[in-house]
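Colleague: Structure below; questions to follow.
The values are calculated or read from the model by the stated rules, or taken from the named source; none is laboratory data. If you're wondering where the values come from, they're calculated on a predicted model, not measured in any experiment. Virtual Cβ from ideal backbone geometry, glycine too; neighbours counted across all protein chains shown.
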Amino acid sequence: MSGTQQLSTKHLLGIKNLTAADIRLIFDTAKEFKEVINRPIKKVPSLRDITVANLFFESSTRTRVSFELAEKRLSADTVNFSASTSSVGKGETLLDTVNNILAMKVDMVVMRHPAPGAPHFLANHIDANIINAGDGTHEHPTQALLDAYSMEEYFGESLEGKKVAIFGDILHSRVALSNIFCLQKLGAEVTVCGPPTLIPQHIGALGVGVSHDVRKTLQWCDVANVLRIQLERQDIKYFPSLREYTLYYGINKALLDSLDKPVLIMHPGPINRGVEIDSDAADSSHSIILQQVENGVAVRMAVLYLLAALK
């Protein structure tokens with residue numbers, strides 16, 4: 001697919017562990033796979049000798065289905081594991097769970113886990129390739145890769161010098177951190193915007209701008225990546241009400257129309273329509289939310305294919 005180039009790491013634990021060359025290789029490979037998934041026959045035999053275990057210890061729809069579809073498009077055998085129907089509920093440890101699955105001769109593990117660092121723990125204890133599908137509030141590398149890939153596809157050029165704003169619940173978001181690392185490695189400028197209570201205290205140390213003014217930030221940026229409020233991760237009240245959040249930090253069509261330039265709208269999903277973004281904005285001609293979903297399959301095919309080559 002992509003010549004003799006290889007990734008510099010045998011696992012995808014986070015964007016922080018990738019080089020700019022790694023990201024570019026994933027994008028080039030994803031472009032080739034996107035052509036595959038748009039053909040009448042959407043399958044290639046690239047991973048027909050590989051078995052992938054999908055271990056999801058948290059609820060997921062988009063990411064889990066996207067990985068499963070990517071694996072099937074590559075002709076891999078898949079094993080789907082859900083914590084709610086497993087022996088984890090009986091007290092089995094993470095390592096025991098994975099070792100039992102590996103005893104069934106699994107080659108790669110795609111894992112989502114509520115504990116930050118869980119994929120890194122596995123990578124230090126087992127031989128299979130590990131792909132982090134989201135660990136707590138730490139990282140979500142494939143989401144950042146598909147986001148950046150979608151931006152480049154839309155603009156038809158690299159992200160060097162592009163201005164990207166990430167709006168919403170930055171404090172609890174693994175997507176935000178991975179996006180920051182990925183965009184910076186590709187030469188983009190990044191600003192985060194949201195209520196002071198939902199912005200990590202020292203995030204400026206990562207080299208990003210910090211804003212609490214939605215309109216001013218929209219006027220500055222080329223791309224607005226809007227994140228949902230993660231109520232399931234909030235153990236205290238970070239703002240008075242969802243209505244007030246929407247009033248001050250929600251993005252709507254009227255606000256976008258008041259700007260003197262178009263802004264590309266993105267969202268990793270799931271969308272809380274009428275909270276962080278209204279339907280008119282989410283479904284507008286400047287939104288590529290559904291393209292992100294399509295590109296997610298191609299990017300995850302690329303990651304699986306490139307990591308399998310390192311076995």
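Colleague: At pLDDT 95 or above, under 19 Å from the mean Cα position of the chain (by Cα) and either part of a loop (DSSP other than H, G, I, E, B) or within 25 Å of Thr137 (Cα to Cα) (or both): which single residue out of Ser66, Ser59 fits that description?
Modeller: That would be Ser66, the only listed residue that is at pLDDT 95 or above, under 19 Å from the mean Cα position of the chain (by Cα) and either part of a loop (DSSP other than H, G, I, E, B) or within 25 Å of Thr137 (Cα to Cα) (or both).
Colleague: With a cut-off of at least 2 residues that are touching a strand residue (DSSP E or B) at 6+ places or on another chain (Cβ under 6 Å) and farther than 21 Å from Arg228 by Cα, name the helices (runs of 4 or more DSSP H) lying wholly within region 241-311.
Modeller: So the answer is 289-308.
Colleague: Is it the case that some residue within region 104-119 is assigned to a helix (DSSP H, G or I), closer than 24 Å to Pro268 by Cβ and not basic (Lys, Arg)?
Modeller: So far as region 104-119 goes, yes, one or more of its residues are assigned to a helix (DSSP H, G or I), closer than 24 Å to Pro268 by Cβ and not basic (Lys, Arg).
Colleague: Moving on. Could you please tell me which pairs satisfy a Cβ distance under 6 Å, a separation of 6+ or placement on different chains, a first residue in region 105-125 that is more than 15 Å from Glu68 (Cα to Cα), and a second residue that is of a type in the set (Asp, Glu)?
Modeller: His113/Asp135; Pro114/Glu58; Pro116/Asp135; Ala118/Asp135; Pro119/Asp135
Colleague: Let me ask something else. Would you point out the residue of region 25-56, among those that are of a type in the set (D, E, K, R) and assigned to a helix (DSSP H, G or I), that is surrounded by the fewest Cβ atoms within 10 Å (Cβ to Cβ)?
Modeller: The residue in question is Glu35.
Colleague: Let me ask another. Taking the conditions exactly as written (at pLDDT 85 or above and either in contact with a Pro (Cβ under 7 Å, 6 or more places away or on another chain) or not assigned by TED's automatic domain parsing to the domain that holds Ala224 (or both)), does Gly117 satisfy them or not?
Modeller: Spelling it out, Gly117 is indeed at pLDDT 85 or above and either in contact with a Pro (Cβ under 7 Å, 6 or more places away or on another chain) or not assigned by TED's automatic domain parsing to the domain that holds Ala224 (or both).
Colleague: Please give the strands (runs of 3 or more DSSP E) falling wholly within region 143-229 in which 1 or more residues are surrounded by fewer than 21 Cβ atoms within 10 Å (Cβ to Cβ).
Modeller: 163-167, 189-193, 209-211
Colleague: Find all pairs meeting these conditions: Cβ atoms under 8 angstrom apart; at least six residues apart or on different chains; first residue within region 28-43 and closer than 18 Å to Gln291 by Cβ; second residue modelled with pLDDT of 95 or more and among the polar types (S, T, N, Q).
Modeller: Ala30/Asn295; Lys34/Asn295
Colleague: Looking at region 219-245, which of the residues that are touching a helix residue (DSSP H, G or I) at 6+ places or on another chain (Cβ under 7 Å) and among the aliphatic types (A, V, I, L, M) is modelled with the lowest pLDDT?
Modeller: The qualifying residue modelled with the lowest pLDDT is Ile229.
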